[in-house]
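Notes to accompany the following structure.
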Amino acid sequence: MAKMSEYNEQQKEAILMVRQHLSHLPNSELRWLIQRIKSYLRFRKVVGSFQQEHFADICSEKCFTSRTSACCGREGIITFFADVAINVLLSTSKEIDRLLETLERDQGGFNCVYLNKSGCLWRCKPIVCEMFLCDHAKNLVLANNERLASQWQGFRRRERMYTWPTRQVLFDELEVFFLHAGFESPLMYLHKSPGLLRLKAKRTGKSAKLSKTPIPGS
Ligand code: SF4
Ligand code: SF4
């Protein structure tokens with residue numbers, strides 16, 4: 001079997017870490033996690049419906065039939081550790097196995113490793129994928145429609161409430177949850193990316209390595 005790319009290795013490690021930790025968690029902590037991501041999932045549902053309603057036809061015509069999509073390119077997206085955590089939390093064991101097998105058997109090519117004939121293999125795809133719109137799609141749908149453009153801007157602001165650490169955010173909190181359990185991954189960008197760490201430092205007024213996010217049961 002060919003050697004896995006670094007990207008695939010990191011993805012696989014993160015999935016395994018999350019799966020391992022979740023499998024040992026008491027029900028009370030699992031319930032806490034599910035409760036904690038509820039508002040994020042509501043947000044994702046609304047954005048998903050918006051995308052479906054206003055962009056599905058355009059995307060299908062422009063890209064999926066011609067297979068020239070600017071979305072879903074190979075190793076073209078950042079997946080946050082929290083994306084992985086949320087997806088594993090929502091997936092069945094079979095679905096997680098499928099992701100792992102896909103990473104292991106990857107033969108290369110131009111498309112994202114997770115893209116197969118029926119679409120994306122993630123149950124809850126990464127936030128970067130959900131929020132990406134190419135210029136062609138934006139120009140067709142948003143450029144001449146103030147109402148939809150403003151709705152999209154609202155979604156972008158709401159996205160930051162979960163991912164952008166100028167405040168305490170879910171994506172940071174989920175990294176802390178796993179860091180405190182002894183897991184570490186290069187996908188923990190809210191603890192690894194110099195730019196995001198600078199944003200956190202501005203908020204807390206000190207160098208931000210591990211945030212003081214409360215952990216269930218502590
Ligand atoms: S957002 Fe743009 S690049 Fe992506 S699938 Fe839609 S039309 Fe294609
Ligand atoms: S994770 Fe899914 S949605 Fe994102 S680029 Fe890959 S196939 Fe596309």
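Every number here is computed from the coordinates shown, using simple stated rules; none is lab data. Fair warning: this is a prediction, and the values are worked out from it, not measured in the lab. Positions of Cβ are generated from backbone atoms using ideal geometry, with glycine treated the same way; all protein chains shown enter the neighbour counts.
Worth pointing out:
- Projecting label points 7 angstrom from Cα along Cα→Cβ for His136 and Glu9 puts them 3.6 nm apart.
- Cα centre as origin, Lys/Arg/Asp/Glu Cβ charges: segment 113-184 dipole, Debye: 340 debye
- Between Ala149 and Cys120, full extension at 0.36 nm per residue minus the direct alpha carbon distance yields a gain of 7.8 nm.
- In sequence order, calculated HN-Hα J values of segment 43-56 (Karplus, 6.51, -1.76, 1.60; Hz; x Gly/Pro): 4, 4, 5, 5, 5, x, 5, 4, 4, 4, 5, 9, 10, 4
- Amide H contacts under 5 Å for Asn111, placed H, 5+ residues apart: Arg74
- Phi angles across segment 76-93 convert, under the Karplus curve 6.51 cos²θ - 1.76 cosθ + 1.60 with θ = phi - 60°, into 3J(HN,Hα) values of x, 10, 7, 10, 6, 4, 5, 4, 5, 4, 5, 5, 5, 4, 8, 8, 7, 4 Hz, Gly and Pro given as x.
- You can think of it this way: the chain between Ala201 and Asp97 has 33.7 nm of extra reach, that is 0.36 nm per residue less the Cα-Cα gap.
- Histogram of C-alpha separations across segment 134-211, 10 Å bin width, %: 18, 36, 22, 19, 5
- Whole-Hz couplings from phi, Karplus 6.51/-1.76/1.60, listed for segment 188-199; x for Gly and Pro: 7, 5, 6, 10, 10, 7, x, x, 6, 5, 5, 4
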